[in-house]
Structures are given as structure tokens and as C-alpha cells.
1. Considering every residue within region A:246-257, establish whether at least one is under 25 Å from residue B:69 (Cα atoms), out of contact with any Phe, Trp or Tyr (no Cβ under 8 Å at 6 or more places or on another chain), in contact (Cβ under 8 Å) with a residue 12 or more places away in the chain and part of a loop (DSSP other than H, G, I, E, B).
2. If you take the residues in region B:38-56 that are surrounded by fewer than 19 Cβ atoms within 10 Å (Cβ to Cβ), over 19 Å from the mean Cα position of the chain (by Cα) and touching a residue at least 40 places away in the same chain (Cβ under 8 Å), which one is farthest from the other protein chains (Cβ to nearest Cβ)?
3. Quick one: residue B:164 ticks every box in (1) among the charged types (D, E, K, R); (2) more than 21 Å from residue B:232 (Cα to Cα); (3) within 9 Å of another protein chain (Cβ to nearest Cβ); (4) without any contact (Cβ under 8 Å) to a residue 60 or more places away in the chain except a single one, so which number is it?
4. Name, by its number, the condition in (1) of a type outside the set (Val, Ile, Thr); (2) in the same structural domain as residue A:342 (by TED's automatic domain parsing); (3) surrounded by 13 or more Cβ atoms within 10 Å (Cβ to Cβ) that does not hold for residue A:21.
5. So how many residues does region B:57-66 have that are within 17 Å of residue A:245 (Cα to Cα) and more than 7 Å from chain A (Cβ to nearest Cβ)?
6. Condition check: in contact with a Leu (Cβ under 6 Å, 6 or more places away or on another chain), closer than 22 Å to residue A:277 by Cβ, aliphatic (A, V, I, L, M) and touching a residue at least 24 places away in the same chain (Cβ under 8 Å). Does residue A:59 satisfy that?
7. Would you check if residue A:105 is buried (at least 23 other Cβ atoms within 10 Å of the Cβ) and free of Cβ contacts under 8 Å to residues at least 40 places away in the same chain?
2 protein chains.
Amino acid sequence: MKINHHYLNLEDSYLFSTIARKVTEFQKANPTADVIRLGIGDVTKPLCSAVINELHAAVDEMGNAKTFKGYGPEQGYGFIKSAVLDYYKANNIELAEDEIFISDGAKSDLGNILDIFHKDNTVLIPDPVYPVYVDTNIMAGRNILFINANMDNQFLPLPSEHTKADIIYLCSPNNPTGAVYNKQQLKIWVDFALENNAVILFDAAYEAFISDSSLPRSIFEIEGAKKCAIEFCSLSKTAGFTGTRCGYTIVSNELVYEGVSLNKLWLRRQTTKFNGVPYIVQKAAAAVFSEEGQKQAKEAIAYYKQNAKTIAETLKELGVWYVGGENSPYIWLKCPNDMASWDFFDFLLEKANVVGTPGSGFGKNGEGFFRLTAFGDKDRTIEAMKRIKEILK
Amino acid sequence: MKINHHYLNLEDSYLFSTIARKVTEFQKANPTADVIRLGIGDVTKPLCSAVINELHAAVDEMGNAKTFKGYGPEQGYGFIKSAVLDYYKANNIELAEDEIFISDGAKSDLGNILDIFHKDNTVLIPDPVYPVYVDTNIMAGRNILFINANMDNQFLPLPSEHTKADIIYLCSPNNPTGAVYNKQQLKIWVDFALENNAVILFDAAYEAFISDSSLPRSIFEIEGAKKCAIEFCSLSKTAGFTGTRCGYTIVSNELVYEGVSLNKLWLRRQTTKFNGVPYIVQKAAAAVFSEEGQKQAKEAIAYYKQNAKTIAETLKELGVWYVGGENSPYIWLKCPNDMASWDFFDFLLEKANVVGTPGSGFGKNGEGFFRLTAFGDKDRTIEAMKRIKEILK
């Protein structure tokens, strides 16, 4: 038996394990230091009561023979698909129910979608980037090209006449930079994809953080996108589902390549290699889209966004260059005094006892940059900014 | 963008949709007929109280900031891995915790495991078979060989001197036949795999139905299996988790091909393309392995097995050839009077108003055979057998 040799081309990521080791060592050497963590990309607020109540009700259904649910449709129950449908409709996007696929999260679908594409496609990935885009394509042995995101383009790269791509990854609001494409910019990408017969994999996991109504929360706000884009979304950051696992992927029926419907291919993939999201989790997800659920989810997001504002205002005051933080939980800053990412990490940990994420962990263009996140506690975030002000002013 | 052309080689399965259509048509034409369904491979009893109680407790944890869980380890929390470890230990099998991967079910893992294998492997699949083994390999363009399961080998095929294989699928207790390999037979497969540098993908989803203690419930009861087999297991049939979604896959650290550990490859696959099972579901799964959970799960299985006994005794009395039904929820019978599978389906539906599954839907060797399942209601199963006795005696 021969293994998939492409796996041997993967690089191990030591980013978060190195951070953990450095923090542990620092705390051991400085047992009284009060370390504040603004590095983690995970939510901290509990599930809202609308979700909790629905979960309890669904659990009771599972304990009763009359309401018990066995196998459900692999692509999700009608009740959750129609909730997603209405969510898009409120944003003036019309979808059909069979274009919505409920999944256990955007990470799974972003990896698994590659199953339906030929190995011999050229993949275009912005750098810096969420590492999963790169690794899942290395696993399949695909040719990967990078497009530079940097200060010149405000970390929002656009295609040029030299750009080549069959599969294009876009993430907006971006992880790790927090930058958000506007409609004109996304239109350039959609037009490029249509002209080049490419497909856009649009990661909208952070769409709920967009409050500027002129910015697109879905690629389907752009004309032509249904013919060239797949959208991946998640309740992880929208409603604190990182440990509850539910997302959705939109594959339009208008998406046809080589005469074949990608919707039908994805349906075949999911019905063959997936057995659906737990019934109780689908009920919980539907509760997120209820009136009460939306109100509560938005309260949590407002809390995180207040933290983002606290961070952004501090950086502005200090004259530190940054993007993100306004329509995103991430703030991407240029390390002061041209420090390298890891040097700034050490400096921040030692001098301010604050933990962030070195930008170099997200790609070569991340070197010299640093990510702070808004998912912490409000008072701790304020305290962290107070300390940063002291060491940088 | 080019699609994965291998998908175009997939055949659509109309098995269960055709069954549904035929039953609907029959009921329309015979509105007073009392149809009994023994075709479905899904559980009908609700989750047991040990699981329900744990689910409620876990939901409450998710609603409280102090006990809330965000991202967990992709391969599962320690508490559920150690519960699986103890379950195997009770069966005299020693595993390490990092050899256990918690998943959302055997179907996902059986499909996704193929990611870590080279495309150019020869796959050996018994016929008849669970269709997912075939389809997932067609999707990857692998060469598939079939090994005949039939009355001569009691639907338990063994390798011959002509057998060629790099990847071997075994399912015991078998879906759809209910046949169970004994230790001597599995030893022949393990020795074959070791000699031929092949890997066995062992689907043990129905292991909890084995009550004959001489029969192996895990391939790791066979010497040498840790060096050549991956085991897939599920709580779907063990504890009614078909709609709750939790399983586990065992990849031993001794499993090395071309000098590479399959355990490390699978860990890389899962950490890159999967984000773990919902925390609340992992807590529910752990409750299945508790003393109370085991007692209650075994009660449900005993209930289903009583149904299997009812079916098997009827067939024995009628002199109908069959396998399964003793250590399995499935009974696989030869259609009386040499009827074809679909002819017997129609005959049974029209004359006894009983629904089963035509064996031809599981492969060419299934033609002339028929599957009945024990997952129905006790009284309805008794009634169905009474009717079958009347039309076949």
C-alpha cells in the first residue's frame, strides 16, 4: 500500500504551540506576572439563552420515541435551510433551498470541497492567510500561487493582467488581517473569475462583524457571483459555535463547469462522505436565526467589537499602522520600530505581559506584522491597551 | 477550472428512492393496507436516559461563561478517548490514547481516510457491500476489485492465492448480510494483509450486536492486526446515535507504510480538515460508556436482537436459507422459489404488506437475496412474521 506522498510536502505549523511554550516559560520565570491573552481566535462568551433553550428542547425530543430523530438528510433539515434562506433574503439575496448545505463548520467544507475539483487546477491564495487553504491543496498536490497582500494594497489584493488562477480563495472580513473588501473590489474578482472560468471559494466566516452597510457580507451581493463563487459561512464567530460546530455552504445551481453542476457534485460528495450535523445542533443553529437569537448574537458581537474599538483607538493614538478592527474581530498591526513579528511578540510579552499572534505565522507577507483579537474580556482588553500605551508611547 | 472527472463515473443509487416510490404507490392504491417497514437500517428507540441527562448537563455548561467550551482538540477530548480506551481494555485490547480519533461517524471517516492513501492502490471490496466503500474509491479514481460473497462461503469471503489488494474493506458483523467473521477467518485476512503490505479498513459499526463471546468484536483481537488494520466504529447502532453523530477510528502507532506512520498522517488530515465533534455530543458519547449507559444501551440492543430472533426463527421454520440475525441486526435471506430481489420485494409488499430491501441494491451477488432489519417495533415485527408465514408456508 502506498501512502499519499503529497502529505510529506506539508510543513508542520509550530505557530500556536510555540506561543504556548513561550507563554508557559515566561509565566514560570515570572510567577506573579498577570498575563493577558489577545492571541486566541476563539470566542469566550457562552451560547446565548435562545440557543440554550432550544438545545434543551431538542435533547428532550431525542429522549422520546415519538419525537426521536435518526438519520436526517445529509445536507441538513428543511427548518435550518429555510432559516438560512431567510437570513440571505433579508440581505436581498435570493437562494433556493437546495443551494444550501448545512455542515459541521467552514473548516471541514473548505477542505472537503476540493474533492470535487480536478487535481490539475492552479490555486491562487492571498498571503498572509488562514493556513488551511494552503495545506489542503498541498495534500492534493495542486499547484499553488500566492497573491501578495501588503500595506500597499491595504492587505486587500486584486488580480492584475498577469494573475493566473482556476481556484481562488478570498476571505473577507479577513483572517488574519481583519481587512474587508468593498463591493467594487469584489466585483473585480468576480469579473476576473467569470472571464477566466475560475471558481472563487469565498470564506465569509466573519460576515456578522460587518456593520458598515456599504460593505458586502456575502459575495452574492455582487452581480455574477452565483456563476463563479461558492460561499462558506459558519456560526462559530457569529454565535459562539466554535465548540458546537455548525456552518453552511452555498453552492448555486448556476455554478456550472465543463457542463457539470457543482451543486450536484457537492451533493454527491456530502451524501457519500458525510452524514449530516447532529439534529440537536441543527435546532440550536435555527435558534440563532430566530428573532431572539439574532438579538442575542448581535449583543455578543457588539461586545467583541467594542474590544476591537478599544484596541484600534489605542493603535491610532500611538500612531501604529493597522488594518481591521472596524468590521472584524481582528486587528492587524505593523510592528513598531520595524521589529520582526517574533521580536514584537517577545517584547509585548516581557514588557506588557500581553500575548498576541506573530503575523509571520500566516505567510511570508505577515513578517513584521502582528495580530490582536477582540475575543477577550472587556476589562482585560482595556488593561492590555493601557499597558501597551505605556511601553510604546 | 476543471472538475474531478471521476465523479462522472459514479452511478446514482436509486435503491431507497425506488423503495419509497413503490411503497407510496402501493399505499395510494391500497389506502387501508397496514404496511410494516423492515427495510430501514436506522434505529427507532430514543436516546437512553444516561445520555439524555448528560446532554442536558453539557448544554448547561455551554450556557455558562465559566464552563463554556470553544474549540476543542480535533481528535476528541481526553475524557471520551479514555472512555473508548477502557471499553477496549475490557475486551483485552490495549490502546494508547493518541491512537483513538473521535469523529462524527464511521461514514465520514471511512470516506475521509482515503485522503491519506495514494491514488494508485488496488482496492478490494466484498460484494454485496455497503455502497460507500465503492463510491468513495470511484471518486478518487482507484482501481477496484471485488471479492465474491455468496452462499458457498456463507457470505464471508476469504483471500485466495489469486487475491490482489493494497486496501481491503471488511465489515463484520456485515452490512447488509449480518454475517460475522470468526477469529480464524479474520486471522487469514490479517496474515494476507501483512504478507502483501496491504491495509485493512475494518468497519466494526455493528460490533455491539455480537453476543457470542468466541466471535471477534474488534480486529485488534487478532494478532498482528495493529500492524495492518484501521478500525472504524460508531455509536449509531450501539446507542442510537444515527441522528446524534459520534464514532471513533483507531489508527495504531504500529501502522507504518513506506516508513511513514498512518497515525501521523490521519492526525494531520483531521487537524487540517476537521474541527472535532460538538462538545455536548462528546459528553453524550462518554455517557454511553458509563456503567449506566452501557446497561441501557445493551437493553436497546437486546430489544432489537429479540426482533432479529423472531425473524430468524420464522425463516428457519419456513425452510428459507439465511445468514445473520444472531450477532447482527440484519437478516439476509435467499428469496424463496428463486425469485429475483425486486420480484420478492413486490411479492412481500403486495401479499404481506411488509417492506424489506432488495439484495441486488448492494451489488451483483445480492441478486436473488433480500435484507430484513431488526430495528422495528417488537409487536410489528411479530405481526410481519405472522404474515410472511401465511404467504410462504
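1. yes
2. The residue in question is B:53.
3. (3)
4. It fails just one condition, (3).
5. Matching residues across region B:57-66 total 3.
6. Considered against the rule, which asks whether it is in contact with a Leu (Cβ under 6 Å, 6 or more places away or on another chain), closer than 22 Å to residue A:277 by Cβ, aliphatic (A, V, I, L, M) and touching a residue at least 24 places away in the same chain (Cβ under 8 Å), residue A:59 comes out as yes.
7. Judged against the criteria, residue A:105 is not a match.
Residue by residue, here is whether (1) modelled with pLDDT of 95 or more; (2) more than 17 Å from the chain's Cα centre (by Cα); (3) acidic (Asp, Glu) holds:
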| position | (1), (2), (3) |
| --- | --- |
| B:127 | yes, no, yes |
| B:176 | yes, no, no |
| B:183 | yes, yes, no |
| B:204 | yes, no, no |
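The values are calculated or read from the model by the stated rules, or taken from the named source; none is laboratory data. Predicted, not measured: the structure shown is a model, and the values here were computed from it. Cβ: placed from backbone, ideal geometry, glycine included. Neighbour counts: every protein chain shown.
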